[in-house]
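The values are calculated or read from the model by the stated rules, or taken from the named source; none is laboratory data. A quick note: this is a predicted structure, and the numbers were derived from the prediction, not measured. All Cβ positions, even for glycine, are placed from backbone atoms using ideal geometry, and neighbour counts span all protein chains on display. Please note that ligands, DNA and RNA were not included when accessible areas were found on the heavy atoms of the full protein model with its side chains. Shrake-Rupley method; radii C 1.70, N 1.55, O 1.52, S 1.80 Å.
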Amino acid sequence: MLETATRTHDVLHFINGEYTEGTSGATFENRSPVDGSLIGLVHEAKEAEVDAAVQAARAALKGPWGRMPLAERVEILYRVADGINARFEEFLAAECRDTGKPRSLARHIDIPRGAANFKIFADVIKNVPAESFRMDTPDGAGALNYAIRVPKGVIGVIAPWNLPLLLMTWKVGPALACGNTVVVKPSEETPTTAALLGEVMNEAGVPRGVYNVIQGFGPDSAGEFLTRHPGVDAITFTGETRTGTAIMKAAADGVRDVSFELGGKNPAIIFADCDLDKAIEGTMRSVFANCGQVCLGTERVYVERPIFDEFVARLKAGAESLKLGRPEDEEANMGPLISKEHQRKVLGYYQKARELGATVVTGGGVPDMPGELRNGAWVEPTIWTGLGDDSPIMREEIFGPCCHISPFDSEDEVIERANDTEYGLACAIWTENLAKAHRTAARVESGLTWINSWFLRDLRTPFGGSKQSGIGREGGVHSLEFYSELRNICVKL
Ligand code: NAD
């Protein structure tokens, strides 16, 4: 009988359609970031478990999945999406238990998008056009070239903890739509929803071995063993730029393809002619949503001088009105950070900002939480001013509910300052002058730019980072570039 992944809140691997503890005998604790309580034990994969998962995925390529007509595969992916929605509350509870994020947030973003990622790529693959070229050169007159799209093989999927189900399915959806099989390594912080998805896959009729999950850490654990496994044909990764560097080195053996969605140090540019209410509302979300743990979130805010003081005062008021609380607290709009370890990192930046002479507009410490919540990974929403662009607070990704606000005086100046970073993931521009908005957007070095909005996502559009924020683009047909291969066939008639 199938082991239920969340029965005891212990989490197993999912290999070849079955839950298993594996043979490594190693486990680690999954603790709640809300109050430090033990959620359960997670079984850790070592080489043997990783190998079993990769072998299962390789075998499945040759099995029914590899021979399945596209229409049938698409129907199965629809059923996976429906299966997530049918067990919505279960996924919601598991995701919020692991991350501590407010249910009100995960209910509107994480879980629905987790399901939508299967539907959208099922639709994309149904409608993708094929290319053909008829030659008219003397030697090739009448020859016909056409390209066929084939799966890449076994895809290693390595996911982060900030939007666990959403970001993992953003990769698994297109990988399966293209006919690949996957071995997923969720973050050690958030193992549960990837495991739970195994049950949905089985219920939806996904053949054994197509979707596999191995639990564990990165170095010297499931992540590293997966990226080094020669049976993995390509690796898609979302996480820190530093980790991406290590994975790229591993992928070099065997010249395997990578798709990377990495870190950011994203600017928001607020021009004096913006609609200030909207700019405040959007910046509040881009700085504090998910406790600041969003790769697309804003950590550098540049405000045109005439409205600087008013902007700072209003963002401060907004930050101070945020309600921190447990995931089940429907009034709460901010949860804890993901872990005590991450709390130490973020508080380290809070201290460094003070030492560097920042003006702490609000926050800067640990909030006074009641009862057992004191054991959680809580930090105060924090705003600074007064630091220069070369300060570590302005250059390094903090990944917490905080931002630094700087004044600027001209369009050229702010673009240069916004671009003065090794990252290039996202930018938000706020102005009612459309010409200025387009002009600025074209000059900002970032993969995604929002004008008068933030986190507005059409899943058909290209998603990815410039500079050290990533390699490649995923989303809509762009995902096909990575998850499938075009083979050209030339026919001389
Ligand atoms: P992380 O890099 O620490 O970990 C991500 C995953 O990689 C985890 O599953 C981890 O176990 C694994 N890992 C770590 N070392 C590894 C190794 N040597 N080999 C193989 N796997 C390894 O990132 P995180 O802390 O989980 O997530 C936060 C980071 O992710 C931030 O930098 C954030 O900006 C980034 N992020 C980027 C995007 C994007 O779309 N660009 C989206 C979300 C998060």
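Numbers for the structure displayed
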item	result
Long-range neighbours under 6 Å by Cβ, at least six apart or interchain, first residue among the acidic types (Asp, Glu) within the range 227-240, second open to solvent by 50 Å² or more (accessible area, probe 1.4 Å)	none
Which listed residue, of 294, 301, 255, is more than 8 Å from the ligand (Cβ to nearest atom) and crowded, with 20+ Cβ neighbours inside 10 Å	301
Near pairs, Cβ below 8 angstrom, 6+ apart or cross-chain, from the range 82-94 (in the same structural domain as residue 201 (by TED's automatic domain parsing)) to any residue that is hydroxyl-bearing (Ser, Thr, Tyr) and open to solvent by less than 40 Å² (accessible area, probe 1.4 Å)	90/6; 91/193; 94/6; 94/192; 94/193
Breaking point among (1) in contact (Cβ under 8 Å) with a residue 40 or more places away in the chain; (2) of a type in the set (S, T, N, Q); (3) within 25 Å of residue 444 (Cβ to Cβ), for residue 362	(3)
Selected residue (only one of 161, 170 is in contact (Cβ under 8 Å) with a residue 12 or more places away in the chain, open to solvent by 20 Å² or more (accessible area, probe 1.4 Å) and within 16 Å of the ligand (Cβ to nearest atom))	161
Among residues of the range 295-322, those that are over 16 Å from residue 404 (Cα atoms) and in a loop (DSSP other than H, G, I, E, B), counted	2
Meets criteria (within 16 Å of the ligand (Cβ to nearest atom) and buried (at least 21 other Cβ atoms within 10 Å of the Cβ)) for residue 267	yes
Any pair with Cβ under 6 angstrom, 6 or more apart, that starts in the range 342-356 at a residue that is within 16 Å of residue 397 (Cβ to Cβ) and ends at one that is in a helix (DSSP H, G or I) and open to solvent by less than 70 Å² (accessible area, probe 1.4 Å)	353/393
Residue in the range 217-229 that is open to solvent by 10 Å² or more (accessible area, probe 1.4 Å) and of a type in the set (Gly, Ala, Ser) present	yes
Residues satisfying the stated conditions in the range 296-341, i.e. touching a residue at least 60 places away in the same chain (Cβ under 8 Å) and polar (S, T, N, Q)	298, 333, 339
In the range 177-210, residue surrounded by the most Cβ atoms within 10 Å (Cβ to Cβ) [restricted to those that are closer than 19 Å to residue 258 by Cα and more than 8 Å from the ligand (Cβ to nearest atom)]	183
Of all residues making up the range 456-476, the number that are surrounded by fewer than 17 Cβ atoms within 10 Å (Cβ to Cβ) and in contact (Cβ under 8 Å) with a residue 60 or more places away in the chain	1
Residue in the range 142-149 that is within 14 Å of residue 478 (Cα to Cα) and surrounded by 14 or more Cβ atoms within 10 Å (Cβ to Cβ) present	yes
Exclusive hit being modelled with pLDDT under 95 and of a type in the set (Asp, Glu), set 131, 89	131
Condition check for residue 382: assigned by TED's automatic domain parsing to the domain that holds residue 290 and touching a Cys at 6+ places or on another chain (Cβ under 7 Å)	yes
Residue match in the range 462-475 (condition: more than 15 Å from the chain's Cα centre (by Cα), at negative phi, away from the ligand (no atom under 11 Å from the Cβ) and not in a strand (DSSP E or B))	no
Which listed residue is within 21 Å of residue 104 (Cβ to Cβ), open to solvent by 10 Å² or more (accessible area, probe 1.4 Å) and over 17 Å from the mean Cα position of the chain (by Cα), from 307, 280	280
Filter result for residue 248 (touching a strand residue (DSSP E or B) at 6+ places or on another chain (Cβ under 9 Å), open to solvent by 20 Å² or more (accessible area, probe 1.4 Å), within 27 Å of residue 189 (Cα to Cα) and more than 9 Å from the ligand (Cβ to nearest atom))	yes
